[in-house]
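To start, the structure itself, in structure tokens.
The values are calculated or read from the model by the stated rules, or taken from the named source; none is laboratory data. Source: prediction; values computed, not measured. Every residue, glycine as well, gets a Cβ built from its backbone with ideal geometry; the counts of neighbours run over all protein chains shown. Note: areas computed on protein heavy atoms with side chains; ligands, DNA, RNA excluded. Shrake-Rupley method; radii C 1.70, N 1.55, O 1.52, S 1.80 Å.
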Amino acid sequence: MRGRMKEQVLFVCQNCGYESVKWLGKCPECQAWSTFSEETRIRKKDEAKKTGREKPVVRLVDRPEESFSRISTGIGELDRTLGGGIVAGSVIMIGGDPGIGKSTLMLQMLDTLKAKGEALYVSGEESWTQIHMRARRLGIRSEQISFSPETDVDALLSLLTRTGPSVVVIDSIQTLYNSAVDSIPGNVSQLRTCTGQIVAFAKEQQVPVFLVGHVTKEGNIAGPKVLEHMVDTVMYFEGDAQYDFRILRCTKNRFGPVNEIGIFRMGSEGLAEVANPSEVFLSGEDTDQSGDALVIIMEGNRPFIIKIQALVTKTQFGMPQRTATGIDHKRLNLLLAVLEKRFRKPFGFNDVFVKVSGGFRIDEPAADLGICMALISGLEDFVLPKGSAYIGEIGLGGEIRSVNRLDERVREAERLGLREIIIPRSGRKVPDSGKGAVRRAASIGDLLKNPGVKTKQPR
């Protein structure tokens, strides 16, 4: 019998998409607990096999007839993150915490987009009234932006084919559904099916599509990991809601460099670009109190300077507190252990609080030396020399290890007029700028022996 329909019951992990014929308490793929839900699928058995036309085979050395060009978004930091602009036919997924500014960024991009033709904003989460109010607040003036509340993916693709927009924003992918899939919107099967249809449309019609995605409590885009493999570019919008700064970080890009970032500042009129973050972070940020140290970190392909603040006080409890904001808590414990064991610093009797100014998070080890100097400064209550910056990874023996792209970090510090830049002695040679600001050190002990480092803070 042709076209026979058969139901199949599967249990699907809502975290990674792993499928099982029976319910499991723990997912063997992602190790998550209690994430399986039941789904009913319909399989269609056809006796006749469909045959398709073979696609031609080409030589890799041959030059393709078509070459992709980029469309500027009109926002420099967003173009930087994308690798120079939007590529026609690309599918770009952007995730982030609720209220971080994803929808705001998409609306501002549509307003400044350097593309001809209508742009379509699709939202299944907010009404036209809500979108209109936000657009007025942001000062959106472009008459080339249309709105659709469509959530049925088949109806949406029909609309896109009929209207032919120059760029599409779907906010969010978790609100779309395919009526042929027997599950609710946001389910793993719905996400996989809808994303696959949108990717196929974008490639066929050469229309760039932005997909806004929700994130889980771990910070990953909600849905199976396969979603990130299906799209061309994956970006995360990061930041603390208590601070103004936002980082747009690229983690996958088939058309440009990975780990590039864009920096924005959230204001009453939307997101503003921060083209020179070091100057913004250092403005009015004099290092004039104990526990303050400047570090030079690499975010994407550019360096900038961040202040580390440490507060060390006598503990009032049996177990001293360890609080880290902006750095990994385990990294802080490791550095404290090195300072106690190798340099006899009595942190075991003190509460320690470390914070990265501006609400940023530092993950690279090049900030280790600055964190250690801030901790020692806070413990012994002295002020580090004004205009000093610290670059280096700390080993378990207290030695200062070299880090990558050292010359770029030093150039950034010299450009901003810092008086002294402490770098690892084992690092490669840094080009001499003639300013004499670079100083090398083999271990933290070398810095503590120098009386010029300690300047007692007046009480």
For this session: Quick one: in segment 42-84, of everything that is of a type in the set (Val, Ile, Thr) and modelled with pLDDT under 75, which residue is nearest to Val181 (Cα to Cα)?
Result: Ile42
Exercise. Just wondering, is there one or more residues in segment 376-384 that are more than 19 Å from Leu418 (Cβ to Cβ), touching a Gly at 6+ places or on another chain (Cβ under 8 Å) and open to solvent by less than 30 Å² (accessible area, probe 1.4 Å)?
Worked result: yes
Exercise. Looking only at segment 332-344, which residues are closer than 15 Å to Leu369 by Cβ and either acidic (Asp, Glu) or crowded, with 17+ Cβ neighbours inside 10 Å (or both)?
Worked result: Leu332, Leu335, Leu336, Val338, Leu339, Arg342
For this session: Scan segment 261-276 for residues that are open to solvent by 50 Å² or more (accessible area, probe 1.4 Å) and of a type outside the set (A, V, I, L, M, F, W, C) and jot them down.
Result: Arg265, Ser268, Glu269, Glu273
For this session: Under 7 Å between Cβ atoms, at least 6 apart or on separate chains: pull out the pairs that start in segment 13-38 with a residue that is open to solvent by less than 30 Å² (accessible area, probe 1.4 Å) and end on any residue that is of a type in the set (Ser, Thr, Tyr).
Result: Cys13/Thr35; Gly25/Ser34; Cys27/Tyr18; Cys27/Thr35; Phe36/Ser20
Seminar exercise, completed: Per the filter on segment 396-410, residues in contact (Cβ under 8 Å) with a residue 40 or more places away in the chain, closer than 17 Å to Leu369 by Cα and either touching a Phe, Trp or Tyr at 6+ places or on another chain (Cβ under 6 Å) or open to solvent by 20 Å² or more (accessible area, probe 1.4 Å) (or both) are Leu396, Gly397, Glu399, Asn404, Arg405
Exercise. Looking at Ala389, Ala413, Ala367, which one is outside any helix (DSSP H, G or I), open to solvent by less than 10 Å² (accessible area, probe 1.4 Å) and of a type in the set (Gly, Ala, Ser)?
Worked result: Ala389
For this session: Could you please let me know if Val199 is outside any helix (DSSP H, G or I) and not basic (Lys, Arg)?
Result: no
For this session: Considering only segment 246-337, give the strands (runs of 3 or more DSSP E) lying wholly within it that have at least 1 residues that are closer than 30 Å to Arg141 by Cβ.
Result: 261-267, 270-273
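Being closer than 20 Å to Leu110 by Cβ, of a type in the set (D, E, K, R), open to solvent by 40 Å² or more (accessible area, probe 1.4 Å) and more than 27 Å from the chain's Cα centre (by Cα) is true for just one of Glu143, Glu126. Which residue is that?
Within the list Glu143, Glu126, the selection yields Glu143.
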Exercise. If Glu143 satisfies every condition in (1) modelled with pLDDT under 95; (2) touching a helix residue (DSSP H, G or I) at 6+ places or on another chain (Cβ under 9 Å) but one, which is the exception?
Worked result: (2)
For this session: Could you grab me the full set of residues in segment 128-148 that are of a type in the set (Ser, Thr, Tyr) and either more than 21 Å from Ser166 (Cβ to Cβ) or assigned to a strand (DSSP E or B) (or both)?
Result: Thr129, Ser146, Ser148
Exercise. What tally of residues in segment 178-213 results from selecting those that are open to solvent by 10 Å² or more (accessible area, probe 1.4 Å) and touching a Ser or Thr at 6+ places or on another chain (Cβ under 6 Å)?
Worked result: 5
For this session: Look through Leu159, Leu191 and report the one residue that is assigned to a helix (DSSP H, G or I) and closer than 19 Å to Met93 by Cβ.
Result: Leu191
For this session: Test Leu418 against the stated conditions and say whether it is among the aliphatic types (A, V, I, L, M), out of contact with any strand residue (DSSP E or B) (no Cβ under 9 Å at 6 or more places or on another chain) and not in a helix (DSSP H, G or I).
Result: no
Exercise. Hey, Met230 hits all of (1) open to solvent by less than 30 Å² (accessible area, probe 1.4 Å); (2) in contact with a Ser or Thr (Cβ under 8 Å, 6 or more places away or on another chain); (3) of a type in the set (A, V, I, L, M, F, W, C) but one; which does it fall short on?
Worked result: (1)
For this session: Would you mind telling me which numbered condition in (1) at pLDDT below 90; (2) within 13 Å of the chain's Cα centre (by Cα) Leu248 fails?
Result: (1)
